Amino acid sequence: MAGTINSVKALINGQEYTLTLNSSTGKYEAQGIAPSGSSFNLEGGYYPIEVTATYVTGTTSVVNDKTEGVVGEGCRMCVREKVKPTAIINYPTQGQYITTELQKIEFTVLDNTSQESGFSGINIDSIVVNITGGSLNEPVVIRGSKSLEVTPIEGGYECILVPSEPIPDGVYTVSLDVSDNDGNAAVTAVVTATIDTAPPELSVISPAEGLNTSNNVITVAGNTSDVTSAPVKVSVNINGEDKGTIPVNDDGSFSKDFMLTFSGNQVIVITTTDSAGKASSVTRNIYFSADVPTIKSVIITPNPVDGGTTFTITVEVE
Ligand SMILES: [Ca+2]
Ligand SMILES: [Ca+2]
């Protein structure tokens, strides 16, 4: 037989609530403010509640989260935090050129950047890395942590993704999504970067290799192009002296005259460099001299010579 209730109290996260009778339902109620921190990382994933009912006679009954059945289940309060985690792509950086075959994507996912405590933590299985662009017909999508190198850090993880096979040259966009354990999604991190492992094309039309010339003005001309990282820069070095860059036309052609400053062998190096920093060089070895031959003597032997007989002409020249 039911007695007369003296009090009904609930203990939630260290706070005691005194419940009052709702006469229309015959049940006891109180309102409270939920803890701000997530219950995800608490034992069982909930805040435990202890309810104590006391009769006027002084006898009490206590239930809590360990109580069996639906009463015990009712003593488990799940609290979700609402703060987004943070996704940061560390490598490549926005606009970066990558010139090596070895490729990787490094990123950090954190759930403690805006919360000192009570964060639910990164759900590592929610990571989605998406690579699009270049010569990929379909996006490369990596989900979860299985193919990642993962290092736990305070509040999250540092991750390294190495594609199973090198991604071919091209311009790519990498995006990163992640959620925390309470289902809050981070703002998508996006970077666009260029993979360019190929040096630019370079064809030198002038001067020809082995050219002998008496002209002290030499024309350096040719064509250059780069599939992935145009535009390219062309620079000229003559006999070890940097002559700077020369203009390249829209069609890749270039032409500029240079003065040769001394006679003798000349080494001309033409270098083209693409925007990724990959370079190609062509070397031309030429010979320049404006000197004219000096004829020192001309002797006819014999001289005079008899008509119809043989003579020799001897010329001394240097
Ligand atoms: Ca969070
Ligand atoms: Ca290139």
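A few remarks follow.
- Single residue of 145, 120 found to be in a loop (DSSP other than H, G, I, E, B), more than 16 Å from ligand 2 (Cβ to nearest atom) and in contact with a Ser or Thr (Cβ under 6 Å, 6 or more places away or on another chain): 120
- Enumeration of residues in region 199-227 that are surrounded by fewer than 16 Cβ atoms within 10 Å (Cβ to Cβ), of a type in the set (A, V, I, L, M, F, W, C) and within 16 Å of ligand 2 (Cβ to nearest atom): 227
- Qualifying residue in region 67-90 (condition: of a type in the set (Val, Ile, Thr) and within 9 Å of the chain's Cα centre (by Cα)): yes
- Test result for residue 262, aromatic (Phe, Trp, Tyr), under 17 Å from residue 205 (Cβ atoms), out of contact with any Lys or Arg (no Cβ under 6 Å at 6 or more places or on another chain) and not assigned by TED's automatic domain parsing to the domain that holds residue 168: no
- Residues of region 163-181 classified as over 20 Å from residue 227 (Cβ atoms), under 15 Å from the mean Cα position of the chain (by Cα) and among the polar types (S, T, N, Q), total: 1
- The residue list 134, 95 contains one member that is within 30 Å of residue 277 (Cβ to Cβ), surrounded by 13 or more Cβ atoms within 10 Å (Cβ to Cβ) and within 16 Å of ligand 2 (Cβ to nearest atom), which is 134.
- Any hit, region 263-285, residues being loosely packed, with under 11 Cβ neighbours inside 10 Å and either closer than 30 Å to residue 195 by Cα or among the β-branched types (Val, Ile, Thr) (or both): no
The values are calculated or read from the model by the stated rules, or taken from the named source; none is laboratory data. Every value quoted in this text rests on a predicted model; they were computed, and no experiment measured them. Cβ coordinates were reconstructed from backbone atoms using ideal geometry, including for glycine residues, and neighbour counts include every protein chain displayed.
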